[in-house]
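See structure below.
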Amino acid sequence: MRCDEVQPRLGSYIDGELADDERAPLLDHLADCPQCGPEAAALARLRDGIRQAAPIYRAPAALRARVRAALRAETAANTRTVRPASGWLAYAASILLAVGVGSGGTLLITGEQQQDTVARELIDSHLRSLLAGHLTDVASSDRHTVKPWFAGRSEVSPPAVDLAGEGFPLVGGRLDVIGGKPIPALVYRRREHVINLFALPLSRGDLGTSLTRRGYTLRHWNEGDLGFWAVSDAAPSELAEFENAFRAATNG
């Protein structure tokens, strides 16, 4: 894609409204373009700043019940007459997804849809950290420096361990935004590859231990009350090795 094709699409990209067939070539362009890449990163930081500053409210139980009832009614109707979902229904589904992620509750969209939603957000966050040249907010391999930095900035504070001896040196940490909430990310390296390790509140759903999306590998596991997601373009076998090293170090 060229700059004149990318620029009008940046708003839709930041809002997550691009289809996958448009999203992939746009990301390829952003990775190499010295003008569009920083502009996209600036827009993402603006969006994330607004999300962090704006209060998040959980939808009232009555509203959630009405939306669920509407979805059930639409599903029943579709079993009788196959037709596209109405615009209102699609909007209601997006509300449920936002409520589920923003409130820390269980997502109502499950299975493959949920996997793709989580994977897309995490991969986008991983790419933003590379495009913006803003890999870390705190640059250190010292766990006594990185872990305390998250205190007061996020609801969770992950264990920060340096795995240089296993070939995965700790680079530092960063605060990112996933589902409208500040989420800590630990940053590691594997030779020329960057590994972002996101720590989210524990998910009740089993989203699988390993996913591959858009050429990136995501590795998921739970420890205690945290769910960890490692994202990288490193080989899947190396990400599995990273998980084993991290778990061995944190479970002592």
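The values are calculated or read from the model by the stated rules, or taken from the named source; none is laboratory data. Predicted model, so just to flag it, every value in this text is computed and none were measured. Heads up, the Cβs are rebuilt from the backbone with ideal geometry, glycines too, and the neighbour counts pull from every protein chain shown. Note: accessible area is taken over every heavy atom of the protein model, side chains too, but ligands, DNA and RNA are not part of it. Shrake-Rupley method; radii C 1.70, N 1.55, O 1.52, S 1.80 Å.
Being among the charged types (D, E, K, R) and closer than 11 Å to N196 by Cα is the filter here; which residues of segment 129-178 pass it?
R174, D176
Can you pull out the residues in segment 1-50 that are open to solvent by 40 Å² or more (accessible area, probe 1.4 Å), outside any helix (DSSP H, G or I) and either on the phi > 0 side of the Ramachandran plot or of a type outside the set (G, A, S) (or both)?
M1, R2, D15, E17, P34, Q35
Looking at (1) closer than 23 Å to D20 by Cβ; (2) surrounded by 20 or more Cβ atoms within 10 Å (Cβ to Cβ); (3) without any contact (Cβ under 8 Å) to a residue 60 or more places away in the chain, which one does D233 not meet, given that it meets all the others?
(2)
If G165 satisfies every condition in (1) outside any strand (DSSP E or B); (2) over 17 Å from T250 (Cα atoms) but one, which is the exception?
(2)
Tell me, please, whether a residue that is outside any loop (DSSP other than H, G, I, E, B) and in contact with a Lys or Arg (Cβ under 7 Å, 6 or more places away or on another chain) can be found in segment 129-146.
Scanning segment 129-146, I find at least one residue that is outside any loop (DSSP other than H, G, I, E, B) and in contact with a Lys or Arg (Cβ under 7 Å, 6 or more places away or on another chain), so the answer is yes.
Return the residue satisfying two criteria in turn: it lies in segment 207-222 and is assigned to a strand (DSSP E or B) and touching a residue at least 40 places away in the same chain (Cβ under 8 Å), and of such residues it is surrounded by the most Cβ atoms within 10 Å (Cβ to Cβ).
L218
Please give the number of the condition E192 fails out of (1) buried (at least 22 other Cβ atoms within 10 Å of the Cβ); (2) at pLDDT 85 or above.
With (1) buried (at least 22 other Cβ atoms within 10 Å of the Cβ); (2) at pLDDT 85 or above applied to E192, the lone miss is (1).
Please work out which one of (1) surrounded by fewer than 18 Cβ atoms within 10 Å (Cβ to Cβ); (2) at pLDDT below 90 is the condition K147 fails and give its number.
(1)
Only one residue in G167, G179, G172 is buried (at least 19 other Cβ atoms within 10 Å of the Cβ), at positive phi and either modelled with pLDDT of 90 or more or of a type in the set (D, E, K, R) (or both). Which one?
Among G167, G179, G172, only G172 is buried (at least 19 other Cβ atoms within 10 Å of the Cβ), at positive phi and either modelled with pLDDT of 90 or more or of a type in the set (D, E, K, R) (or both).
Could you tell me which numbered condition P159 fails, if it satisfies all but one of (1) in contact (Cβ under 8 Å) with a residue 60 or more places away in the chain; (2) touching a His at 6+ places or on another chain (Cβ under 9 Å); (3) more than 28 Å from L43 (Cα to Cα); (4) not hydroxyl-bearing (S, T, Y)?
Going through (1) in contact (Cβ under 8 Å) with a residue 60 or more places away in the chain; (2) touching a His at 6+ places or on another chain (Cβ under 9 Å); (3) more than 28 Å from L43 (Cα to Cα); (4) not hydroxyl-bearing (S, T, Y) one by one, P159 breaks only (2).
Here is a check on your reading of the model: is L130 under 28 Å from D28 (Cβ atoms) and either modelled with pLDDT under 85 or of a type in the set (F, W, Y) (or both)?
yes
What pairs come up if the first residue lies in segment 29-47 and is farther than 15 Å from D4 by Cα, the second is outside any helix (DSSP H, G or I) and open to solvent by less than 70 Å² (accessible area, probe 1.4 Å), and their beta carbons are under 6 Å apart, counting only those six or more places apart or on different chains?
Taking only residues 6 or more apart or on different chains, the pairs are A41/A132.
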